[in-house]
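All remarks here apply to the structure that follows.
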Amino acid sequence: VFRVVTKGSCPLGPSEAMAPKKRPASRTPTAAKRKKDVDQGASGLAYMRSFENAVLAEYVWLDAKQVPRSKTMTMTTLPKSVEGLRTWNYDGSSTEQADGHNSEIYLYPKAIFKDPFRGSPHILVLAEAYNAWDGQPAIGNTRAECAKLMAKYADMDPWFGIEQEYTLMRPGKVGEEPTVPLGFNGDGSEPAPQGPYYTGAGFNVAIGRPVADDHYKLCLKAGVKIAGINAEVMPGQWEFQVGPCRGVEMGDHLTIARYIMLRVTEQHNCVCSFSPKPMEGDWNGAGCHTNFSVKSMRQDGGYDVILKVCEAFGKVAAEHIAEYGEGNEKRLTGKHETCAITDFKFGVANRGASIRIPRDTEKSGKGYMEDRRPAANCDPYKVTARMMKTTGECLRP
């Protein structure tokens, strides 16, 4: 049985991780000399008569702008854990993470997912990027700090669930951001006002469903904790939910879900935009509502804990907004189911609040809270770390 495996954020130093392996003494290494479930790299591949039965690993990481990048490695075997994977490297000068004269970035495997595109036994490998020259997290690697913070508060057992909104767009010029949603008319005119599109069905209503459905199925095949999908308020806008996830796992699963979405759009002649406000005017923006709880919130008396944490969030509202995505001021206007970016308020079943407390949570006296401020383009590692930091400092002075 294959399952998603996640590793913490304490890689070996570059010199230790990249130490050369001794060449096998014989031309055909014996079974005793081979390590089972460990990719042998070049020293193993050299002795294979062909690569027909080799395993492919698609290494996925985040660049300087938090956009998933990937490249493929041929392996001798299917590792059962990240310990059996190789540390790899890439040209950081082409991802805005290094200078051309000193460009090498190391990739340290952190989590394994099934490859839903190539099928078994091939895998996706979520990796952290580190500078080869100083061993520090590369630009864009916010997972490392998030993992440390989650480890610090592991006894609180934080759970997260993120509602990722996105907008499918008509392709524009290569290399340029698209400007017209897939749900808008081909002649550039606007469609009928918002109303029928949210959770709608039918031609010219649920625009882009094949993309959303393909993405859903492939995430399930990969082992991503995708919990559901629905059409959103603006035509061509959709949402998928990931979670509940524990700790740093939230960022891992959302990152792979985003990567899979980008791959899916390659087959559907459209572009996925995570812009918080893809269309100006009387149209909803796109967010990344983040549902959150710690153990004490889920236990009897948890409602009072939630209120206490909400109060703490209000005291550092600006610090949270700074970590919740770029361009969010265009979305958080106080309209279209948002609270103004300059305000902070929380309430039960209030979708115009910064933080919504579900009605069931109030009734049962325990449960979770929903921070509605993160933008669709937010960094999930930054968002979850900031939420956990404020909560931890509030509940554990």
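Among what's in the range 173-192 and is assigned to a loop (DSSP other than H, G, I, E, B) and in contact with a Phe, Trp or Tyr (Cβ under 9 Å, 6 or more places away or on another chain), pick the residue that is most open to solvent (accessible area, probe 1.4 Å).
Ranking the candidates gives Glu190 first.
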Residue selected from the range 350-376 under the condition more than 18 Å from Glu311 (Cβ to Cβ) and at pLDDT below 95, by the criterion nearest to the chain's Cα centre (by Cα): Arg351
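A quick yes/no check of all residues on (1) at pLDDT 95 or above; (2) open to solvent by 60 Å² or more (accessible area, probe 1.4 Å); (3) not charged (D, E, K, R):
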residue	(1), (2), (3)
Pro109	yes, no, yes
Lys114	yes, yes, no
His122	yes, no, yes
Glu128	yes, no, no
Asn131	yes, no, yes
Ile139	yes, yes, yes
Conditions (1) of a type in the set (Ser, Thr, Tyr); (2) farther than 16 Å from Cys272 by Cα; (3) assigned to a helix (DSSP H, G or I); number of the one not met by Tyr216: (2)
Tally, over the range 240-260, of residues that are open to solvent by 10 Å² or more (accessible area, probe 1.4 Å) and in a strand (DSSP E or B): 4
Given (1) without any contact (Cβ under 8 Å) to a residue 60 or more places away in the chain; (2) within 28 Å of Pro116 (Cα to Cα); (3) of a type outside the set (Gly, Ala, Ser); (4) surrounded by 18 or more Cβ atoms within 10 Å (Cβ to Cβ), index of the condition Asp213 fails: (4)
Within the range 32-74, considering residues that are basic (Lys, Arg) and not in a loop (DSSP other than H, G, I, E, B), the one surrounded by the most Cβ atoms within 10 Å (Cβ to Cβ): Arg69
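So how many residues does the range 75-107 have that are of a type in the set (A, V, I, L, M, F, W, C) and open to solvent by 40 Å² or more (accessible area, probe 1.4 Å)?
As a first pass, look at the range 75-107 and keep what is of a type in the set (A, V, I, L, M, F, W, C): 75, 78, 82, 85, 88, 98, 105, 107.
If we keep only those that are open to solvent by 40 Å² or more (accessible area, probe 1.4 Å) too, we end up with 78, 88.
Final tally of qualifying residues: 2.
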Selection within the range 94-126 - under 12 Å from Leu62 (Cα atoms), assigned to a loop (DSSP other than H, G, I, E, B) and not polar (S, T, N, Q): Glu96
Qualifying residue in the range 159-169 (condition: open to solvent by 20 Å² or more (accessible area, probe 1.4 Å) and either at positive phi or among the basic types (Lys, Arg) (or both)): no
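The values are calculated or read from the model by the stated rules, or taken from the named source; none is laboratory data. All values derive from a computational prediction rather than experimental measurement. Counting neighbours? That spans all protein chains shown, and the Cβs are built from the backbone with ideal geometry, glycine included. SASA here: full protein model, heavy atoms, side chains in, ligands and nucleic acids out. Shrake-Rupley method; radii C 1.70, N 1.55, O 1.52, S 1.80 Å.
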